[in-house]
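Step one of this worksheet: look at the structure below.
Read the figures in this text as sums done on the coordinates, not as results from a lab. Note that the coordinates shown come from a computational prediction; the quantities given were computed from them, not determined experimentally. Here the Cβ is made from the backbone with ideal geometry for all residues, glycine too, and neighbour counts use every protein chain on show.
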Amino acid sequence: MTAGPVCLGVTQSLAGKTWRFRLEDAARADDIARRLGLPPALARILAARGFRDDDAGRHFDASLKAWMPDPSSFADMDKAAARIADAIAANEKTAVFGDYDVDGGASSALLARYFRELGRPLRIYIPDRMTEGYGPSAAAMRTLAGEAVTLVVTVDCGAQAFEAFEAAREAGLTVVVADHHMMDARTPHAFAVVNANRPGDSSGLGHLCAAGVTFMLLAAVNRELRRRGWFAANGVGEPDLRRFLDLVAMATVCDVVPLTGLNRAFVRQGLKMMEQTENAGLKALMDLAALKGPMRASHFGFALGPRVNAGGRVGRADLGALMLSTDDADFAVNAAAELDRYNRERQAIEAHVLAEAVEQLDTAGPGAGLAAAAGEGWHPGVVGIVAGRLKDRFDLPSAVFALDETTARASLRSISGVDIGGAVAAAKAEGLLLSGGGHRMAAALSAERGKLSELIAFLDARLTPEVAARPDRGLYAIDALMGPAGMTPDFHDMVERAGPFGAGNPEPVVAVPDARIVEARIVGENHVSVVAMCGSDRLKAIAFRAADRPLGEALLKKGRPIHLAGRLLANEWQGRRIIELSIEDAAVA
């Protein structure tokens, strides 16, 4: 929320933003500070995220026990769990069909690891983005039936797979869906569809990613097998699902779902599991990325996730899922290295597409509700990442289309408060798409190339009112005012307890008033490192990739008073832990 009063009188920052306190009702922060004995700045951070003094403790703990719901709250959950339990008991040949991104790969690995612990093999099928496209296809269903598979569990896909599941039924396959994407009034022909975003579901868990839904499904299967006495009868130990939370945490962060409630518990507990993970694939990735020290949610989003995704984008689609599900350390190391190579290739392709997309939009300008770019020969595997970059650059929902002779395939990314999945569903209902689906923050579609202009116009018109109605448009949210004396390691540790931060639980932003820059220099790749005096207190700070922007130019002009705003950053220096400020915006005092 950014409905509080203007902060430090800043209505036109160097980034063109109005600074407003995130918190509207300061009395709620006072109650939290008084009842829990917390510093006022931390109390403001908690209150601004919707917590009161009676539930802030539960938020701090983020234990799975405190947030775990009854799996049966999902529609079709008990039915799905019973069918999977039947397959396990009868040793049926079962396959998991997953999407080719981190969420789909992690969800597939969750099922594979669970089945392996019960002594049951599981076939992993991940479609190739270039040759098969997104989601289940009739051809894939017939392929699995030809391998004598009798049960298929789709994860992170399947919510709209009408034609594919008709082919599955004709081939004698039973299908269980575990998905989180938006659905219209129709339900595909499947034995069970577990999806909190389906019509009629009352679980209230539509914010989970697919791995979160899959974890809930495994909890239900565990419970069903326990009820039947299967574990005792077969001399098999009941799997401890908490050991799988590292995969759930990674998928939750990488799929950019809100880090609130159960999702936050998944990530907090999953980060703990990462410290002692038994997952050979995750270990290999962590070693390759040289991750040391405590794991943070950002490590998933910036170091591990992109490498897992790279196989589905520009390389071998199933490699990420196979790496995350293996117990073979040698295979995991080799797979991680191959994914790293794919990731470097992806980065080069992405840079080329991004440059062309930005040039298009700088020339023609974005719409009022959508920043859309399209290019001949653009690699479909990077359009999602480029859409995310455009979303950040233009502060608008974005769509990037890869064109061939007849078809336009796009990935779309949204900003907070704007439902891109709903817009895609509306375009599909208008007959503008060949296929498409998604959720509030991300979607994908394909359309006839001849309808591209009409489609972009429709999406822009559909999204414009939502963009215009955003209460935080043009605003920069500040959680608290702070000086260097308050930025201690102890305070930083308490802030970290309010994390992990991400979508739905934004990382706190503090403002430092009336700082005077006494040292400033350009370091690394266009970063500006500064030392500022705030009264008699000294502050170290850095503005990343800012040297050629108004922010960097202002910081390099030493001497005049300036208000700084950004996020707390912990650095180790000569055995000491120092808290600095990562500057995101500034305003002349």
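Using 0.36 nm per residue, how much length does the chain from R142 to R344 gain when fully extended, once their Cα-Cα distance is taken away? Please report the intermediate quantities before stating the final value.
Values: separation 202, 0.36 × 202 = 72.72 nm, distance 3.50 nm.
Net length gain for the segment: 69.2 nm.
Seen from every direction in turn and averaged, the convex hull around the alpha carbons of segment 214-273 projects onto 4.3 nm². Placing +1 on each Lys and Arg Cβ and -1 on each Asp and Glu Cβ, with no other charges, gives the chain a dipole about its Cα centre of roughly 1180 debye. The label-point distance for K93 and E24, in a model that sets each label 7 Å from Cα toward Cβ, rounds to 5.9 nm.
Averaging over all projection directions, find the projected area of the Cα convex hull of the chain and quote it in nm² with one decimal place. Spell out each step's value before the answer.
Values: hull surface 108.4 nm².
That works out to 27.1 nm², a quarter of the Cα hull's surface.
Scalar couplings 3J(HN,Hα) for segment 435-441, obtained by applying the Karplus form with A = 6.51, B = -1.76, C = 1.60 to θ = phi - 60°, are 7, x, x, x, 10, 4, 9 Hz; x denotes Gly and Pro.
All C-alpha to C-alpha distances of segment 66-338, sorted into 5 Å bins beginning at zero, yield P(r) values of 1, 6, 14, 18, 20, 18, 13, 7, 2, 0, 0 percent in whole numbers.
After finding the eigenvalues of the alpha carbon gyration tensor for segment 48-125, what semi-axes result from the square roots of 5 times each, listed largest first in whole Å?
33, 16, 12
Across the chain, the mean sequence separation of Cα contacts (distance under 8 Å, 6 or more residues apart), normalised by length, yields a relative contact order of 13 percent. Judged by the ratio a/c of the largest to the smallest principal axis of the C-alpha gyration tensor, segment 365-468 counts as oblate, that ratio being 1.5 or greater while a/b is no larger than b/c.
The phi-based Karplus calculation (6.51 cos²θ - 1.76 cosθ + 1.60; θ = phi - 60°) puts the 3J(HN,Hα) values of segment 73-83 at 5, 6, 4, 6, 5, 5, 5, 5, 5, 5, 5 Hz, whole numbers, x for Gly and Pro.
Overall, the ratio between the Cα radius of gyration of segment 126-204 and 2.2 N^0.38 Å, rounded to two decimals, is 1.07.
The H on the amide N of E507, modeled in the peptide plane, is under 5 Å from the matching H of G502, each at least 5 residues off or on a different chain. Residues in segment 394-399 carry Karplus couplings, in order, of 9, 6, 9, x, 9, 9 Hz; the curve used is 6.51 cos²θ - 1.76 cosθ + 1.60 with θ = phi - 60°, and Gly or Pro positions show x.
One quarter of the surface of the convex hull around the alpha-carbon atoms of segment 241-349 equals 6.5 nm², the direction-averaged projected area.
Beta bridges per DSSP, both residues in the chain: antiparallel share near 60 percent. Across segment 46-197, the volume of the C-alpha convex hull divided among the residues equals 146 Å³ per residue.
At q = 0.09, 0.13, 0.15 Å⁻¹, what log₁₀ I(q)/I(0) does a Debye calculation on the Cα points of segment 441-589 give, no solvent, two decimals? The Cα Debye sum returns log10 ratios of -0.41, -0.71, -0.84. The ranking of E163, E359 from fewest to most other beta carbons within 10 Å of each one's beta carbon is E359, E163. Spacing of the modelled spin labels on E496 and D327, each 7 Å from Cα toward Cβ, amounts to 3.3 nm. Neighbour counts of C-beta atoms inside 10 Å place W67, W378 in the sequence W67, W378, starting with the fewest.
Distance between the C-alpha centers of segment 426-480 and segment 12-45? Whole Å please. Distance between centres, Cα-based: 32 Å. For the chain, the 222 nm mean residue ellipticity estimated from helices alone, with every DSSP H stretch of n ≥ 4 adding -39500 (n - 2.57) and the total spread over all residues, rounds to -12500 deg cm²/dmol.
Taken over the chain, lysine pairs spaced eight or more positions apart, or on distinct chains, with alpha carbons under 28 Å apart number 17.
Cα centroid separation, segment 156-182 to segment 196-213: 17 Å. Placing R0 at 35 angstrom, the Cβ-Cβ distance between K272 and T150 gives a FRET efficiency of 0.40 after rounding to 0.05.
Tell me the GluC sites (Glu not before Pro) within segment 249-358 that lie in a loop according to DSSP and have at most 13 other beta-carbon atoms within 10 Å. Can you show the working numbers first?
Working: sites: E275, E278, E338, E345, E350, E356; in loops: E275, E278.
Within segment 249-358, the qualifying GluC sites (Glu not before Pro) (loop, at most 13 other Cβ atoms within 10 Å) are E275, E278.
State, to one decimal in nm, how far the label point of S202 lies from the label point of D240, with both points 7 Å from Cα in the Cβ direction. For the pair S202/D240, the computed spacing is 3.6 nm.
Within the chain, what is the longest stretch that has no trypsin sites (Lys or Arg not before Pro) placed in a DSSP loop and near at most 16 other beta-carbon atoms within 10 Å?
Working: sites that count: R52, K93, R186, K292, R473, R545, K557, K558.
Longest stretch, sites excluded: 293-472.
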